2 protein chains.
Amino acid sequence: MVKESKQSGGLEWRVNVPNENTSKVLVPESKPQIRVFNGLRGLIVVFVSRISKFLGKAWSLAVREPKKAIHGLKVGMALSIVSLFYYMRPLYNGVGGNAMWAVMTVVVVFEYTVGATLCKCVNRATGTLLAGALGLGIHWIANQSGEKFEPIILQVSVFLLAAAATFSRFIPTIKARFDYGALIFILTFSFVSVSGYRVDKLFELAHHRLSTIAIGTSLCIIITMIFCPVWAGNELHCLITNNMEKIAASLNGCVVEYFGISENVNANGEDSDKVLQGYKCVLNSKTAEEAMANFAGWEPAHGNFNFRHPWNEYLKVGALLRKCAYCIETLNVSTNSDTEAPNTLKKLFSKYCIRLSSSSSDVLKELAVIMNTMTKSIKIDLMVHEMNNAVQELQGALKSLSEQPIIGDSKHSTEEGDESSTIVPLMEIVPIVSMSTLLIEVASRIEKSVEAVNELANKAEFEEDSTKKSKQSQNQQNPKQPSQGNQEDTTMKTLQKV
Amino acid sequence: MVKESKQSGGLEWRVNVPNENTSKVLVPESKPQIRVFNGLRGLIVVFVSRISKFLGKAWSLAVREPKKAIHGLKVGMALSIVSLFYYMRPLYNGVGGNAMWAVMTVVVVFEYTVGATLCKCVNRATGTLLAGALGLGIHWIANQSGEKFEPIILQVSVFLLAAAATFSRFIPTIKARFDYGALIFILTFSFVSVSGYRVDKLFELAHHRLSTIAIGTSLCIIITMIFCPVWAGNELHCLITNNMEKIAASLNGCVVEYFGISENVNANGEDSDKVLQGYKCVLNSKTAEEAMANFAGWEPAHGNFNFRHPWNEYLKVGALLRKCAYCIETLNVSTNSDTEAPNTLKKLFSKYCIRLSSSSSDVLKELAVIMNTMTKSIKIDLMVHEMNNAVQELQGALKSLSEQPIIGDSKHSTEEGDESSTIVPLMEIVPIVSMSTLLIEVASRIEKSVEAVNELANKAEFEEDSTKKSKQSQNQQNPKQPSQGNQEDTTMKTLQKV
């Protein structure tokens, strides 16, 4: 029995010797073996703790986003199925050793979203076909020109085409859609033109490669679309919707926190901090949005999305939301500034600012509802109208600030309790003024977002609101009162125009 | 001679028949052949114009960034060299048909920057080794457990490991550094364990695969590092430096434009617009910066950068610069607002605002110089001091605004020409106030960037400024006057502390 106890910084080994009932204290030996052993043990402990930490992270990710774990299982399944080509004699005889290409295709092509998988499949197939045809052509030409020139022609063609295709991957239009295709083009062309020199059955090689790629890609497409499909379009839709909600929460939270009305925010401090920082995800979402919109374009109709769903409109909405987030970033800092506005002024403005921020975030939340339900809202115009009213009220408050004698020299600052006659130095109203202007700016940006969402709703043919629908259907049921129906419609339109 | 003329919307064919000197007008035939011909011609014209447009784009890209064109040539060269393995009998005999793997490695691994190439090479080698070893181990176990269980064990292991490795690619730490390695792990493991069932010479396969990959990766590394190497670290360094310059130009340009002093800006209108919009590149540079910093970590020492150059500090500087850009985004909009400040006020504030913006952008430009020359600057502290002075002056101006009777009711607004007695409504000073607060905020963010750059300069051991150096060397030359030297040093330190 060996016990280890840590005393006064040094290691001590205590051996309980049986049958003697005493324990001898071993003076720590600094022999190299022991040092090496301790070092190794330390390494193992660190390694194990790292591994367990890593596994913990992985587990929490899998719990948070089970889709990603399922994606792993899908890839495993696809690979198992493809490896059947090896295990089953009849299948193996059909495809032969080239079954390897099917395995490779599955590994390389299977992506998280359906759109990305389709994009890669199409790219792989097109690149292989083009390069295969070109390779065979050049191989034929090289073959005709004698044994001496053959390798030279092949070498030069590989050099030129590889250089051109590699360079083309830097051109934005190619990079966005055909980056992988260009890579596969280079790969296949090199294979065909180079191995053409050795392999006599070149056509057979090309044919096998194509058929195995076809097997791999079709397997990937089937599995990715049937088992828990993750649609890039749907992800983009959710991302934009979430961003709206995050900005709404951050905007409201930030203003409410500034005016110290903390009960409106989430009760849990940590949560409220998370809510306040929510807009930060939006700041850097451009790359993700663009990639998703690109992949979404490859996807067939699914769920509520048609084949020609206007994905580019999402990018516009996303860009406008990001602009709101920039404003909130500045707002968040100006509310944390050192210069505190006097309490009387804060009280006066809190009403207007909170009204504006809450009506702005209401608009954003309604936009999120529109996106979520994919239904046009008739409320939104009223809400925008309300937001604009709040903007005007805030502007009015700013104006009235100058009409009341509450601004003046800081030296004459008095606190008589009477709000209207308090003299406030200009420096102290600066935070309030800049906050107000930022809020007004955010409101104008949100209005632009509303327009962009409306545009999206029109192009994507979102359903009409059910309340409106039911009214319309009522009108259709009572065709004898067309004038009333028209009148109602006109009222609705006027409301929407407001 | 066939002429085609477009008249009144329809196509008309006119044939000049020789020897008759008359021309017959052919009535447009709407025969399907002609329509098909016209359609085809139209298609060809569109196709040719698109191709020429594309080539024009490619050409301008190549002229703008010749490095990218050179990268294409480098890939072509690497492929040509690798294909020599096929053409030369002795080389081919050594490696055999597996030379294909070398070609594939070159195509897949060769990236634009040295760091990205190294990262992929290491990932590919590690992934192949690990998966190869594991695959052989599992193959041995499966072999021992009888013919019946062999395919089952292999299938299950492929399924589990592929699922786990695919899922691991979603974990941020793996994704950032070993994404490609995980992919290669899956690929190799599937190959080894699946083809192990058929190919008897499994060890030979693994050995060949490793040796060809070694050939491919070493060739890539040599070519990418010797011929016009593009270092990710250097690119990151330049990106951050450029971003500083862009923000400096945008900040100054935006303020100067607002106050209508357009002669200071670039004379060319288009250019000045480009300068003003320069900050927009900075808004979305996060992804690029992170990728470059990651790749830069893989690179060996090069140029002025050591192996352990603090690339993460660049990310911090980049994040702070982005924060400046967010402010400028808001600033840019507030200067374009409808409410114009009255001229007298504008004139009064233009001095302070322009002084602050120009001193801020001077600080940024000096930071860019520090980065460019990789030399610590003693000027920077003075410049920050000056910027802070400008901030205080602007704050003073805001304060004095309330001390002078220039703010009051808009109804009493008079323009008597006398600056000090003009009464300005509060609403009209709002743009100026919010601009001033934003400028002050930008200045504080720039100060933080200065701190981050100083931290970077310390960690990366930038050289001391030559002026300081020469003074120090003077002190060393005159060791008899240590007190004077110390005094000077103290003055310097005090200056730096200011």
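The values are calculated or read from the model by the stated rules, or taken from the named source; none is laboratory data. Not measured: the values here are computed from a predicted model. Here the Cβ positions follow ideal geometry from the backbone for every residue, glycine too, while neighbour counts run over all protein chains shown. Quick note on the areas: whole protein, heavy atoms, side chains included, nothing else; ligands and nucleic acids left out. Shrake-Rupley method; radii C 1.70, N 1.55, O 1.52, S 1.80 Å.
Assuming A:I221 fulfils every condition listed in (1) surrounded by 19 or more Cβ atoms within 10 Å (Cβ to Cβ); (2) more than 18 Å from B:V103 (Cβ to Cβ); (3) more than 9 Å from chain B (Cβ to nearest Cβ) apart from one, which condition is it?
(1)
Report, by residue number, each residue of region B:395-432 that is modelled with pLDDT of 80 or more and at the interface with chain A (Cβ under 9 Å from one of its Cβ atoms).
Scanning region B:395-432 gives a single hit, B:Q395.
Can you find a residue in region A:108-129 that is among the polar types (S, T, N, Q) and surrounded by fewer than 17 Cβ atoms within 10 Å (Cβ to Cβ)?
Residues of region A:108-129 among the polar types (S, T, N, Q): A:113, A:117, A:123, A:126, A:128.
Still in the running and surrounded by fewer than 17 Cβ atoms within 10 Å (Cβ to Cβ): A:126.
Yes, the conditions are met somewhere in region A:108-129.
Answer yes or no: is there a residue in region A:280-295 that is assigned to a helix (DSSP H, G or I) and either touching a Ser or Thr at 6+ places or on another chain (Cβ under 7 Å) or on the phi > 0 side of the Ramachandran plot (or both).
Yes, the conditions are met somewhere in region A:280-295.
When region A:305-318 is examined, which residues are found to be open to solvent by less than 40 Å² (accessible area, probe 1.4 Å), closer than 16 Å to A:K286 by Cα and of a type outside the set (D, E)?
Across region A:305-318, the qualifying residues are A:W311, A:Y314, A:V317, A:G318.
Report whether or not A:I446 is out of contact with any strand residue (DSSP E or B) (no Cβ under 7 Å at 6 or more places or on another chain), open to solvent by 10 Å² or more (accessible area, probe 1.4 Å), at pLDDT 80 or above and among the β-branched types (V, I, T). Spell out how you get there, then give the answer.
On the way: out of contact with any strand residue (DSSP E or B) (no Cβ under 7 Å at 6 or more places or on another chain): yes; open to solvent by 10 Å² or more (accessible area, probe 1.4 Å): no; at pLDDT 80 or above: yes; among the β-branched types (V, I, T): yes.
No.
Can you work out which of the residues in region A:325-379 that are surrounded by fewer than 16 Cβ atoms within 10 Å (Cβ to Cβ), part of a helix (DSSP H, G or I) and over 29 Å from the mean Cα position of the chain (by Cα) is modelled with the lowest pLDDT?
Across region A:325-379, the extreme among qualifying residues is A:N343.
Determine, yes or no, whether A:K468 is modelled with pLDDT under 80, open to solvent by 20 Å² or more (accessible area, probe 1.4 Å) and part of a helix (DSSP H, G or I).
Details: modelled with pLDDT under 80: yes; open to solvent by 20 Å² or more (accessible area, probe 1.4 Å): yes; part of a helix (DSSP H, G or I): yes.
When the stated conditions are applied, A:K468 passes them.
Specify the residue that is surrounded by the fewest Cβ atoms within 10 Å (Cβ to Cβ); the eligible residues are those in region B:138-167 that are facing chain A (nearest Cβ under 8 Å) and of a type outside the set (A, V, I, L, M).
B:P151
Given (1) more than 10 Å from every other protein chain (Cβ to nearest Cβ); (2) modelled with pLDDT under 85, identify the lone condition not met by A:Y92.
Checking A:Y92 against (1) more than 10 Å from every other protein chain (Cβ to nearest Cβ); (2) modelled with pLDDT under 85, the one that fails is (1).
Go through region A:171-184 and give me each residue that's at the interface with chain B (Cβ under 8 Å from one of its Cβ atoms) and either at pLDDT below 90 or open to solvent by 60 Å² or more (accessible area, probe 1.4 Å) (or both). Give the derivation first.
Taking region A:171-184 as the starting set, the residues that turn out to be at the interface with chain B (Cβ under 8 Å from one of its Cβ atoms) are A:171, A:173, A:183.
Correct list: A:I171, A:T173.
Which members of region B:105-137 meet the condition of being of a type in the set (A, V, I, L, M, F, W, C) and within 14 Å of chain A (Cβ to nearest Cβ)? Can you show your working first?
Our first condition is that a residue be of a type in the set (A, V, I, L, M, F, W, C); within region B:105-137, this holds for B:106-110, B:114, B:116, B:118-119, B:121-122, B:125, B:129-131, B:133-134, B:136.
The answer is B:V106, B:V107, B:V108, B:V109, B:F110, B:A116, B:A131.
Given (1) over 21 Å from A:W298 (Cα atoms); (2) surrounded by 16 or more Cβ atoms within 10 Å (Cβ to Cβ), identify the lone condition not met by A:A133.
(2)
Each row is one residue, and each column tells you yes or no for (1) open to solvent by 50 Å² or more (accessible area, probe 1.4 Å); (2) touching a helix residue (DSSP H, G or I) at 6+ places or on another chain (Cβ under 9 Å); (3) free of Cβ contacts under 8 Å to residues at least 40 places away in the same chain.
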{"residue": "B:L40", "(1), (2), (3)": "yes, no, yes"}
{"residue": "B:V45", "(1), (2), (3)": "yes, no, yes"}
{"residue": "B:V48", "(1), (2), (3)": "yes, no, yes"}
{"residue": "B:S52", "(1), (2), (3)": "yes, no, yes"}
{"residue": "B:G56", "(1), (2), (3)": "no, no, yes"}
{"residue": "B:E65", "(1), (2), (3)": "yes, no, yes"}
{"residue": "B:K68", "(1), (2), (3)": "no, yes, no"}
{"residue": "B:L73", "(1), (2), (3)": "yes, yes, yes"}
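Provide a single number: the residues in region B:287-303 that are more than 19 Å from A:A288 (Cα to Cα) and surrounded by fewer than 15 Cβ atoms within 10 Å (Cβ to Cβ).
So the count comes out to 3.
Which residues, taken from region B:302-324, are in a loop (DSSP other than H, G, I, E, B) and modelled with pLDDT under 85?
Taking region B:302-324 and keeping what is in a loop (DSSP other than H, G, I, E, B), we get B:303-304, B:306-310.
Hits for region B:302-324 are B:G303, B:N304, B:N306, B:F307, B:R308.
Pairs please, first residue from region B:285-311 and away from every other protein chain (no Cβ under 14 Å) and more than 9 Å from B:G115 (Cβ to Cβ), second anywhere and among the aromatic types (F, W, Y) and open to solvent by 20 Å² or more (accessible area, probe 1.4 Å), Cβ atoms under 6 Å, 6+ apart in sequence or on different chains.
B:P300/B:F307; B:A301/B:F307; B:H302/B:W231
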